[in-house]
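The values are calculated or read from the model by the stated rules, or taken from the named source; none is laboratory data. Given the structure is predicted, the values throughout are model-derived calculations rather than measurements. For neighbour counting, all protein chains shown are included, and Cβ atoms are generated from backbone atoms with ideal geometry for every residue, glycine included.
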């Protein structure tokens with residue numbers, strides 16, 4: 001079955017973008033965006049794929065449309081799609097806001113969720129059944145070039161990512177070589193209010209190019225990196241995976257996660273397939289204590305057990321058959 005992907009959101013970095021790229025790469029699906037005019041040539045989307053801008057009326061002439069993400073800037077188009085069009089909802093924030101058109105039009109779409117917590121929320125709060133599918137993961141070729149970094153954060157820098165906890169940890173990590181280096185698109189309001197006194201510029205290296213594998217200055221960021229730290233907390237979400245998690249596992253990096261994410265599901269288990277923090281008033285110290293500890297058998301066991309998670313994401317079928 002040929003699926004035509006439609007990305008209807010403003011962000012050019014983050015989980016929505018990465019998800020769309022993996023889905024397109026994994027199954028060789030075409031990608032489109034809604035534009036003011038239908039353009040003859042394709043544009044670069046990043047991650048080795050291209051997209052085409054199309055007028056909404058031209059786009060609607062295509063069959064088997066799947067909307068990979070939608071934000072408020074594109075809500076006005078939702079009512080135009082044929083009933084039963086597939087729409088992916090990634091997290092609860094997409095259902096917030098006054099006069100939310102996604103909520104109003106839920107019954108018009110076949111909803112797909114990529115975490116069971118979101119599937120449960122849709123059913124319990126909106127009485128909307130949805131299809132749960134694992135994040136599709138494209139097994140991109142790895143490089144042999146080693147990372148320059150011992151520990152990394154590769155998420156957006158934002159309120160729900162709690163990057164301030166990572167910077168607090170850096171103050172207590174003994175070796176400069178092990179301090180957590182930060183990559184990702186920043187919410188400048190969050191940076192101003194929460195990070196200005198935590199030496200953020202010292203550890204932030206900006207946005208990385210949209211490539212697979214993630215690279216910086218020509219080197220694979222995750223190859224031979226030891227820890228990926230992600231302090232995501234999203235109300236009504238959690239338990240499952242994100243692309244930062246999957247990429248870490250794919251490259252044999254150990255995950256350090258916040259307990260408020262882990263406890264919302266049964267996939268990630270403390271000291272079995274990840275490290276978990278958030279049990280004291282000093283989470284920065286909890287993170288630092290893990291990184292300050294020499295790599296040992298527990299670390300190796302966590303890496304080995306985490307690798308089992310990836311199989312569901314590499315073998316999942318997103319309408320490709």
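Within the stretch 78-90, the residues that satisfy the criterion of being in contact with a strand residue (DSSP E or B) (Cβ under 6 Å, 6 or more places away or on another chain) and either under 30 Å from residue 212 (Cα atoms) or part of a helix (DSSP H, G or I) (or both) are 85, 86, 87, 88, 89. Where strands (runs of 3 or more DSSP E) sit wholly within the stretch 4-49, those with at least 3 residues that are in contact (Cβ under 8 Å) with a residue 40 or more places away in the chain occupy 4-8. Is it the case that the stretch 191-202 has a residue that's part of a helix (DSSP H, G or I), assigned by TED's automatic domain parsing to the domain that holds residue 300, touching a strand residue (DSSP E or B) at 6+ places or on another chain (Cβ under 8 Å) and closer than 27 Å to residue 47 by Cβ? The answer is yes, given that some residue of the stretch 191-202 is part of a helix (DSSP H, G or I), assigned by TED's automatic domain parsing to the domain that holds residue 300, touching a strand residue (DSSP E or B) at 6+ places or on another chain (Cβ under 8 Å) and closer than 27 Å to residue 47 by Cβ. In the stretch 257-284, the qualifying residues are those that are crowded, with 20+ Cβ neighbours inside 10 Å and touching a helix residue (DSSP H, G or I) at 6+ places or on another chain (Cβ under 6 Å), and the one that is modelled with the lowest pLDDT is 264.
In the stretch 296-321, the residues that are over 25 Å from residue 131 (Cα atoms) never reach a residue that is in a helix (DSSP H, G or I) and at pLDDT below 95 with C-beta atoms less than 8 angstrom apart, at least six apart or across chains. Among the conditions (1) over 30 Å from residue 314 (Cα atoms); (2) modelled with pLDDT of 90 or more, the only one that residue 196 does not satisfy is (2). Taking the criterion of being in contact (Cβ under 8 Å) with a residue 24 or more places away in the chain and in contact with a strand residue (DSSP E or B) (Cβ under 7 Å, 6 or more places away or on another chain), the residues of the stretch 250-259 that qualify are 253, 254, 255, 256, 257, 258.
Yes or no: the stretch 285-293 includes at least one residue that is within 19 Å of the chain's Cα centre (by Cα), surrounded by fewer than 21 Cβ atoms within 10 Å (Cβ to Cβ) and farther than 21 Å from residue 162 by Cα. Looking through the stretch 285-293, none of the residues is within 19 Å of the chain's Cα centre (by Cα), surrounded by fewer than 21 Cβ atoms within 10 Å (Cβ to Cβ) and farther than 21 Å from residue 162 by Cα.
Counting just the residues of the stretch 56-77 that are free of Cβ contacts under 8 Å to residues at least 60 places away in the same chain and in a helix (DSSP H, G or I), which one comes out surrounded by the fewest Cβ atoms within 10 Å (Cβ to Cβ)? Step by step, filter the stretch 56-77, then rank; the result is 57. Say we look at the stretch 126-141 and pick out the residues that are loosely packed, with under 13 Cβ neighbours inside 10 Å and modelled with pLDDT of 95 or more; which of these is farthest from residue 27 (Cα to Cα)? For the stretch 126-141, the residue satisfying everything is 127. Only one of the listed residues (128, 168) is in the same structural domain as residue 253 (by TED's automatic domain parsing) and either touching a helix residue (DSSP H, G or I) at 6+ places or on another chain (Cβ under 9 Å) or in a helix (DSSP H, G or I) (or both). That residue is 168.
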